[in-house]
Amino acid sequence: MPGIKWKPEYSVGDPGIDAEHRELVDLVNTAAAALLAHQPDDDIQSAFGDLLRAITAHFALEERQMRETRYDQLQPHKDDHERLLDSLRDLMDEPRDGETAAQALTEALEEWFAGHFRVHDSRLHRKLGPH
Ligand SMILES: [Fe+2]
Ligand SMILES: [Fe+2]
């Protein structure tokens, strides 16, 4: 069954950030489950809406922290956030057929999470120190 399992290597070493990242993973899984269960379009739309809102809020927080601390990798980090938002919007626009759409969503997000947490977020949160 499609879904993202949290892996220890996703941890960025800050329990608060890891908790936020876990919430994002849970919201991806909720949206994937709604697709798989062929839930009504409104429910699917609302699961995607929750996911998009949570991701946008999380990115805004990190980007504010980067600006406030004049973080040296702000642009590449922000570009990678934009890349995810673009692909999430594309996934939302595509016609939805349960299993295929659920698979496409989890694969795209899992790949992005794995790379982004490891490359960008772990570096950022190391630099910021405990916060
Ligand atoms: Fe990030
Ligand atoms: Fe993050």
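The values are calculated or read from the model by the stated rules, or taken from the named source; none is laboratory data. Small disclaimer: the values here were computed from a predicted structure and weren't measured. Counting neighbours? That spans all protein chains shown, and the Cβs are built from the backbone with ideal geometry, glycine included. In case anyone asks, the SASA skips ligands and DNA or RNA and just uses the protein heavy atoms, side chains included. Shrake-Rupley method; radii C 1.70, N 1.55, O 1.52, S 1.80 Å.
Inside segment 25-39, residues that are more than 16 Å from ligand 2 (Cβ to nearest atom) and either at negative phi or open to solvent by less than 60 Å² (accessible area, probe 1.4 Å) (or both) make up a count of 10.
Select from segment 7-19 the residues that are open to solvent by less than 60 Å² (accessible area, probe 1.4 Å) and not small (Gly, Ala, Ser) and list them in ascending order.
At the first step, the residues of segment 7-19 found to be open to solvent by less than 60 Å² (accessible area, probe 1.4 Å) are 10-12, 14, 16-19.
Matches in segment 7-19: TYR10, VAL12, ASP14, ILE17, ASP18.
Suppose we filter segment 75-95 for residues that are open to solvent by 30 Å² or more (accessible area, probe 1.4 Å) and within 12 Å of ligand 2 (Cβ to nearest atom); how many remain? Here the count works out to 1.
Within segment 25-60, the set of residues being out of contact with any helix residue (DSSP H, G or I) (no Cβ under 8 Å at 6 or more places or on another chain) and not polar (S, T, N, Q) comprises ASP26, PRO40, ASP41, ASP42, GLY49, ARG53, ALA57, ALA60.
Could you identify the single residue in ASP26, ASP41 that is farther than 19 Å from TRP6 by Cβ and of a type in the set (Asp, Glu)? Step through it out loud before you land on a result.
Working: ASP26 fails: farther than 19 Å from TRP6 by Cβ.
Result: ASP41 is the single residue among ASP26, ASP41 that is farther than 19 Å from TRP6 by Cβ and of a type in the set (Asp, Glu).
Annotation note: Cβ proximity below 7 Å between a residue of segment 107-129 that is under 21 Å from THR30 (Cα atoms) and more than 10 Å from ligand 1 (Cβ to nearest atom) and a residue that is polar (S, T, N, Q) and assigned to a helix (DSSP H, G or I) (sequence gap 6+ or interchain) occurs for ALA108/SER87.
Do you know which residues across segment 69-89 are polar (S, T, N, Q) and over 15 Å from ASP121 (Cα atoms)?
Residues of segment 69-89 that are polar (S, T, N, Q), as a first pass: 69, 73, 75, 87.
Once the filter is applied, which keeps residues that are polar (S, T, N, Q) and over 15 Å from ASP121 (Cα atoms), segment 69-89 yields only SER87.
Of everything listed in (1) outside any helix (DSSP H, G or I); (2) within 16 Å of ARG22 (Cα to Cα), the single unmet condition for PRO95 is (2). Check segment 40-61 and report whether any residue there is within 13 Å of ligand 2 (Cβ to nearest atom), of a type outside the set (Val, Ile, Thr), modelled with pLDDT under 95 and open to solvent by less than 60 Å² (accessible area, probe 1.4 Å). Within segment 40-61, one or more residues are within 13 Å of ligand 2 (Cβ to nearest atom), of a type outside the set (Val, Ile, Thr), modelled with pLDDT under 95 and open to solvent by less than 60 Å² (accessible area, probe 1.4 Å). Checked against (1) open to solvent by 20 Å² or more (accessible area, probe 1.4 Å); (2) away from ligand 2 (no atom under 13 Å from the Cβ); (3) over 20 Å from LEU128 (Cα atoms), ASP72 passes all but condition (3). Quick one: is GLU99 surrounded by fewer than 19 Cβ atoms within 10 Å (Cβ to Cβ) and over 18 Å from VAL119 (Cα atoms)? Yes, satisfied. Scanning for something touching a residue at least 24 places away in the same chain (Cβ under 8 Å), within 14 Å of the chain's Cα centre (by Cα) and more than 19 Å from ALA102 (Cα to Cα), does segment 39-49 turn up at least one residue? Looking for residues that are touching a residue at least 24 places away in the same chain (Cβ under 8 Å), within 14 Å of the chain's Cα centre (by Cα) and more than 19 Å from ALA102 (Cα to Cα), one finds none in segment 39-49, hence no.
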